[in-house]
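Worksheet for the structure shown next.
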Amino acid sequence: MASSLKVSGNGLKALQDRLAKLKSGKSLKVGIVESATYPDGTSVAMVAATNEFGNPANNQPPRPFMRNTIVRKSGEWGGALVSAVNHTNGDMRTALALLGEKMTGDIKEEINTLTEPALAESTIKAKGFDKPLIDTGIMRDRIDYKVDE
């Protein structure tokens, strides 16, 4: 059975205003800033890609922190955006920024909790601990978001 919604007068104007804000053309990008580097100049994005997809030539298996986050958390992001839009009274820039904060937090949480595949014994010995994806914390700390106009 289909249902209908009838909106008129001030309610219609408010709904039209809200829909116009939603068509703002703004977009959200989440990930690692392209220009981010380690102190020695190594690209953080390249290190992240190597971790995400592995490097068979170096015997490094994939540790897919981005893809894992998408699989585990993306189902929450639509609802989080709707909630943020409602919370900000339709301010899409702020709503997308709130979603960006959630998404970056989700990715960082995945980096913090990922344990498989385990590191090689030689890597553990060199690092002094057995946590994959964490060495200096720079890669994790460079996960960020940007709202584009």
Going from the fewest other Cβ atoms within 10 Å to the most, one would list 53, 65, 129 as 129, 53, 65
Can you tell me the length gained on complete extension of the stretch residue 116 to residue 38, counting 0.36 nm per residue apart and subtracting the Cα distance?
25.7 nm
Debye intensity ratio I(q)/I(0), log10, region 26-148, q values 0.09, 0.19, 0.21 Å⁻¹ (C-alpha model):
-0.30, -1.05, -1.20
Whole-Hz ³J(HN,Hα) for each residue in region 112-126, computed from phi via Karplus 6.51 cos²θ - 1.76 cosθ + 1.60 with θ = phi - 60°, x for glycine and proline: what do you get?
5, 9, 5, 10, 10, x, 5, 6, 5, 4, 5, 5, 4, 5, 5
Given 0.36 nm per residue, what is the gain on full extension from residue 144 to residue 83 after removing their alpha carbon distance, in nm?
19.9 nm
With each pseudo-label sitting 7 Å past Cα toward Cβ, what's the residue 72-residue 129 distance in nm, one decimal?
1.8 nm
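Read-outs throughout are calculated quantities, based only on the coordinates presented, and are distinct from any laboratory measurement. Since the structure is predicted, the reported quantities are computational estimates derived from the model, not experimental observations. Positions of Cβ are generated from backbone atoms using ideal geometry, with glycine treated the same way; all protein chains shown enter the neighbour counts.
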